[in-house]
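Following: one structure in C-alpha cells, then a few remarks.
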Amino acid sequence: MNMYTVLPTPDNSAWIVKLEDVAPDGQYQSEDEALNAAKEMAKNNTPSVVKILDKDHNVQEEIKF
C-alpha cells in the first residue's frame, strides 16, 4: 500500500506531500492544494492511504483509497 503524507513545512510557510514519508513529492501554498494533490496521487495508485499531519507530526486524519 502506498502512503502519502501531507504536512506543513517546519516554518509553516507551505505544505508538502511526501510519498512513503521519504522525500517531498511536491510543495504547495495551502493545505487544501497539498491535500488535493495527495488525494489525486493516491487515487491513481491504489491501494493507498493519505495521512494528514499537524506541525508536530501527529496524524489528524487518514483517508484510504
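The values are calculated or read from the model by the stated rules, or taken from the named source; none is laboratory data. In this text, all values refer to a predicted model and were calculated from it rather than measured experimentally. Glycine also receives a Cβ, built like all others from the backbone with ideal geometry; neighbour counts cover every protein chain displayed.
Could you list, in sequence order, the residues of segment 15-30 that are within 12 Å of the chain's Cα centre (by Cα), assigned to a loop (DSSP other than H, G, I, E, B) and at pLDDT 95 or above?
Once the filter is applied, which keeps residues that are within 12 Å of the chain's Cα centre (by Cα), assigned to a loop (DSSP other than H, G, I, E, B) and at pLDDT 95 or above, segment 15-30 yields only SER30.
Inspect all residues belonging to segment 43-51 and state whether any of them is touching a residue at least 12 places away in the same chain (Cβ under 8 Å), among the small types (Gly, Ala, Ser), assigned to a helix (DSSP H, G or I) and surrounded by 16 or more Cβ atoms within 10 Å (Cβ to Cβ).
The answer is no, given that none of the residues of segment 43-51 is touching a residue at least 12 places away in the same chain (Cβ under 8 Å), among the small types (Gly, Ala, Ser), assigned to a helix (DSSP H, G or I) and surrounded by 16 or more Cβ atoms within 10 Å (Cβ to Cβ).
Output the number of the condition that GLU62 fails; it satisfies all remaining conditions of (1) assigned to a strand (DSSP E or B); (2) surrounded by 14 or more Cβ atoms within 10 Å (Cβ to Cβ).
(2)
Can you spot a residue in segment 32-41 that is surrounded by 14 or more Cβ atoms within 10 Å (Cβ to Cβ) and part of a strand (DSSP E or B)?
For segment 32-41, residues surrounded by 14 or more Cβ atoms within 10 Å (Cβ to Cβ) and part of a strand (DSSP E or B): absent.
Which residues, counting only those in segment 31-63, are under 11 Å from the mean Cα position of the chain (by Cα) and among the basic types (Lys, Arg)?
Answer for segment 31-63, where residues must be under 11 Å from the mean Cα position of the chain (by Cα) and among the basic types (Lys, Arg): LYS39, LYS51.
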